[in-house]
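Structure, as structure tokens:
The values are calculated or read from the model by the stated rules, or taken from the named source; none is laboratory data. Just so we're clear, the structure is a prediction, and the values are computed from it rather than from any experiment. Neighbour counts are summed over all protein chains in view; Cβ atoms, including those assigned to glycine, are modelled from backbone coordinates with ideal geometry. All accessible areas refer to the heavy atoms of the entire protein, side chains included, with ligands and DNA or RNA removed. Shrake-Rupley method; radii C 1.70, N 1.55, O 1.52, S 1.80 Å.
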Amino acid sequence: MLITLTTDFGYQDPFVGIMKGVIFSINPQAQVIDLSHGVPAEDVFAGALLIQHAVRYFPPGTIHVVVVDPGVGSSRNALLIECEGMYLLGPDNGVLSLALEERRPRRIIRLSNATYQLQPTSATFHGRDIFAPVAAHLALGTAPEILGRSADNLIRLAWPKLVKTGRTIKGEIVYIDVFGNLFTNIRADDLAPVPPDKLKIILGNLSIHGLAQNYAAVEPGDYVALINSWGLLEIAVYKGHAQKRSGAMIGDKVEVAWDL
Amino acid sequence: MLITLTTDFGYQDPFVGIMKGVIFSINPQAQVIDLSHGVPAEDVFAGALLIQHAVRYFPPGTIHVVVVDPGVGSSRNALLIECEGMYLLGPDNGVLSLALEERRPRRIIRLSNATYQLQPTSATFHGRDIFAPVAAHLALGTAPEILGRSADNLIRLAWPKLVKTGRTIKGEIVYIDVFGNLFTNIRADDLAPVPPDKLKIILGNLSIHGLAQNYAAVEPGDYVALINSWGLLEIAVYKGHAQKRSGAMIGDKVEVAWDL
Amino acid sequence: MLITLTTDFGYQDPFVGIMKGVIFSINPQAQVIDLSHGVPAEDVFAGALLIQHAVRYFPPGTIHVVVVDPGVGSSRNALLIECEGMYLLGPDNGVLSLALEERRPRRIIRLSNATYQLQPTSATFHGRDIFAPVAAHLALGTAPEILGRSADNLIRLAWPKLVKTGRTIKGEIVYIDVFGNLFTNIRADDLAPVPPDKLKIILGNLSIHGLAQNYAAVEPGDYVALINSWGLLEIAVYKGHAQKRSGAMIGDKVEVAWDL
């Protein structure tokens, strides 16, 4: 069974490689994929957003390990969540919760069985000592209920709320990718009733008319708004970098208005 | 069959991991290697250069996926190129062309068969929706002609021209690696007729006498010129960083002169 | 058999991917893990430190390739070291030596058999031409003694010395991770005889009282000292970045004092 790893460990330190060593020591047949280790340090929402938009592209049964864990070593719980077609492993701080928006958990397990964890467990690296070994055992076929005790719920993050009137939707920038594209929390469905060419997208002083089909619909260097690969309204610059150009930041408000 | 991935997606976003999810969903036995995801954003020439100097080190039959694709979603074609001993997959913008300098394409296929692509295809992420699934199907044994229609040619980038006289060759810096080493477009073969100790290598105010066998031929901190692991003339600083030291940039002219 | 790769090649260039191409060309069944390619350029001690604290987490028989090699192409030797339960491959510049602190080498081989290396061998990329092919052959079962000639010793780095009195230990910062945590060369064992709450940890003007069990033992934004996942005394800021906050650098002195 496939195991994916998502962390804020970056690429300088050997921490991710050490997690893989632990996995292969327990389960030499494991298949491990790096989803991203570039989650901004301790940014639980960013980690939650990444895994939310990735899980649908993985085969049934995939085990997703998500370690963005500012509370490591404290009393926060370590969780295994079983859903239709996937497992999620990570700290109980909300980082797993957005991935559950479309799939209700079947079972939530608090990882309390030390037999399936490295001993002694460090206070600073549960990726190595708890999540990696549990993922490896799970991929070997160990039943979830053996790994800990059932829990009733988990900490959930809220998808940032939209403010809607009959003629406007107000949202915000929730993610900025390496190309400087600005991802908002406004989904394709939120805009679906309005013809794309009637929409006006407003960010600060910037106003974009209509939704384009792709970046190349405008001239190089021009702003463009479209529905991106995560199904979200995105503001971009064709062959440019919208974030540097606009100075926009995560959390900045974006308004969509129309006049039918 | 081995699949390699080369992109300008960087390491912060989950885009490469999502491509792997698509590949393993279709072909659970795939072997996937990251060649580089640090191609400078939308730098088609840099991507072409990387794959050109890597393909000879991979086993026969390897499928190389190269996604540096500023025109994603526009009318540019998506290509599969079959050569002796390898397949290349990527947009038709020249990024695949330098790898063909030594190996003529046997067949060029425009990837038009939507059955082997994710549906609906996004306008912004063909790595996920076209190139990853096609690579996975190809590795499963799907015949190239099933994946699309034959095309006659592809867009080609030119290797930057050298200006040669009887006693000089003028080239330029085409790549700078993480150590600050300056790679030029002058190849070992271009210099072969002249004894290495007769050569003078000139970059701006800097003049280096002779080609060395290795970095350690000079004192730490000194400039050195040699033929590097890509078979190209390189200017380096032993235990130092030639780019920071010299301020040189990609495109800067380099002249080699000799007096026999 | 598992092969791990640790280098200072970074993630921009395709050098690591090319090494994997060489490995899979020789040994299509190889399993390759990236430990880290973010070792600071030519920082032999940092590379030695990383591999030292990683090897215990890998399965018996793992082959660790460590290429931090400012002297590439010079007369420095290329080594294979066989220990109990693992192999180490890398240049003879000390980068392999700290991993031998707990495990004495059984055999040291100078990699002199060109048959098991790429030909011609470049002067600038022994990761590709020597270490990758040797690792691949070793994983195929080639006996170490076939790969070169026995050597008696290797260049060793010293673990930076502590200065101890009856009431103080003076050490220094040896590593700083991506979270800004400051790793010292003072080990848990060095502090073991003293009750943790009697210790005072001093870095410049900063003084921390007592060793904590985990980061969350203090308020967010406060400094904390603890034994970290490498068994080393660490100074951190809970939900913060101790390096940026303190301005501390590798090599800065850290003193631990107690008064029983």
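Tabulated data for the structure shown
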{"read-out": "Pairs of Cα atoms farther than 15 Å apart, region A:78-118, %", "value": "38 percent"}
{"read-out": "Listed pairs A:Lys161/C:Lys244; C:Lys164/C:Lys244; C:Lys198/C:Lys244 exceeding 31 Å between Cα atoms", "value": "A:Lys161/C:Lys244"}
{"read-out": "The protein assembly as shown - accessible surface per residue (Å², probe 1.4 Å)", "value": "39 Å²"}
{"read-out": "Estimated buried accessible area (total), pair B and A, 1.4 Å, Å² to nearest 100", "value": "2400 Å²"}
{"read-out": "Electrostatic dipole magnitude of the protein assembly as shown [Cβ: Lys, Arg +1; Asp, Glu -1; Cα centre; debye, to 20]", "value": "280 debye"}
{"read-out": "Per-selection metrics, region A:4-117 (Cα): Rg and Dmax in Å", "value": "13.4, 37"}
{"read-out": "Options B:Pro133, B:Thr115, B:Thr168, ranked by Cα towards positive dipole end of region B:94-173, top entry (Cβ charges)", "value": "B:Thr168"}
{"read-out": "Carbon + sulfur, % of accessible area of the protein assembly as shown - ligands and nucleic acids excluded, 1.4 Å", "value": "49 percent"}
{"read-out": "Inter-part distance where region A:67-90 and region C:1-76 are each reduced to a Cα centre, Å", "value": "30 Å"}
{"read-out": "Positive minus negative residues near B:Lys20 (Lys, Arg vs Asp, Glu; Cβ under 12 Å)", "value": "-1"}
{"read-out": "Residue of chain A whose Cβ sits closest to the axis mapping A onto B, with distance in whole Å", "value": "A:Tyr11, 3"}
{"read-out": "Using a 7 Å Cα-to-Cβ projection, A:Gly251 label spacings across copies, nm, ascending", "value": "3.8, 3.8"}
{"read-out": "Cα Rg, Dmax (largest Cα-Cα span) when computed across region A:81-151, Å", "value": "12.0, 37"}
{"read-out": "Value of D in µm² per second that Stokes-Einstein yields for region A:101-244, Kirkwood Rh from Cα pairs, at 37 °C (0.692 mPa s)", "value": "174 µm²/s"}
{"read-out": "Along each principal axis, Cα extent of region A:180-231, largest first, Å", "value": "29, 22, 22"}
{"read-out": "Reachable aspartates and glutamates from B:Lys239, criterion Cα separation under 17 angstrom, eight or more residues apart if same chain", "value": "B:Asp177, B:Glu219, B:Asp222, C:Asp8, C:Glu42, C:Asp43, C:Asp69, C:Asp92"}
{"read-out": "Cα convex hull of region B:147-187, projected area averaged across orientations, nm²", "value": "5.8 nm²"}
{"read-out": "Protection proxy ranking of A:182-189, C:178-185, C:201-208 - average other beta-carbon atoms within 10 Å, highest first", "value": "C:178-185, A:182-189, C:201-208"}
{"read-out": "Exercise: per-residue mean of other protein chain Cβ atoms within 10 Å, B:143-150", "value": "0"}
{"read-out": "Reach of A:Lys253 by Cα under 14 Å, taken over aspartates and glutamates that are not fewer than 8 positions away in the same chain", "value": "A:Glu172, A:Glu234"}
{"read-out": "With 10 Å bins from 0: P(r) over region C:161-260, alpha-carbon pairs, percent", "value": "17, 56, 26, 1"}
{"read-out": "At least 20 Å along the helix axis (C-alpha) and Kyte average at least 0.5, DSSP helices within chain B", "value": "none"}
{"read-out": "Selected from A:Phe179, A:Ser229, C:Leu5, residue furthest toward positive end of dipole (the protein assembly as shown; charges at beta carbon)", "value": "C:Leu5"}
{"read-out": "Rounded to 5, percent antiparallel among DSSP beta bridges of the protein assembly as shown", "value": "75 percent"}
{"read-out": "Cβ-vector label at 7 Å, C:Ala192, separations to other copies in nm", "value": "6.4, 6.4"}
{"read-out": "Under the Debye formula (equal points on every Cα, no solvent term), log10 I(q)/I(0) of chain A at q = 0.07, 0.08, 0.14, 0.16 Å⁻¹", "value": "-0.29, -0.37, -0.93, -1.09"}
{"read-out": "Copy-to-copy label separations for B:Asp43, where each label sits 7 Å from Cα toward Cβ, in nm and ascending", "value": "2.3, 2.3"}
{"read-out": "Dipole magnitude (debye, nearest 20) for region A:1-111, charges at Cβ of Lys, Arg, Asp, Glu", "value": "400 debye"}
{"read-out": "CD proxy at 222 nm, helix term only [per DSSP H run n ≥ 4: -39500 (n - 2.57); per residue of chain C; nearest 500]", "value": "-4000 deg cm²/dmol"}
{"read-out": "Simple Cβ-charge dipole of chain A, Lys/Arg +1 and Asp/Glu -1, about Cα centre, in debye nearest 20", "value": "320 debye"}
{"read-out": "Viscosity 1.306 mPa s, 10 °C: Kirkwood-radius Stokes-Einstein D of the protein assembly as shown over Cα pairs, µm²/s", "value": "57 µm²/s"}
{"read-out": "Dipole axis of region B:72-197 (+1 Lys, Arg; -1 Asp, Glu on Cβ), positive-most option in B:Ala78, B:Thr142, B:Ala99", "value": "B:Ala78"}
{"read-out": "Proximal charge balance of B:Pro70 [Cβ under 12 Å; K/R count +1, D/E count -1]", "value": "-2"}
{"read-out": "Heavy-atom accessible area, 1.4 Å probe, ligands and nucleic acids excluded: residues of region B:68-98 down by at least 40 Å² from chain alone", "value": "B:Pro70"}
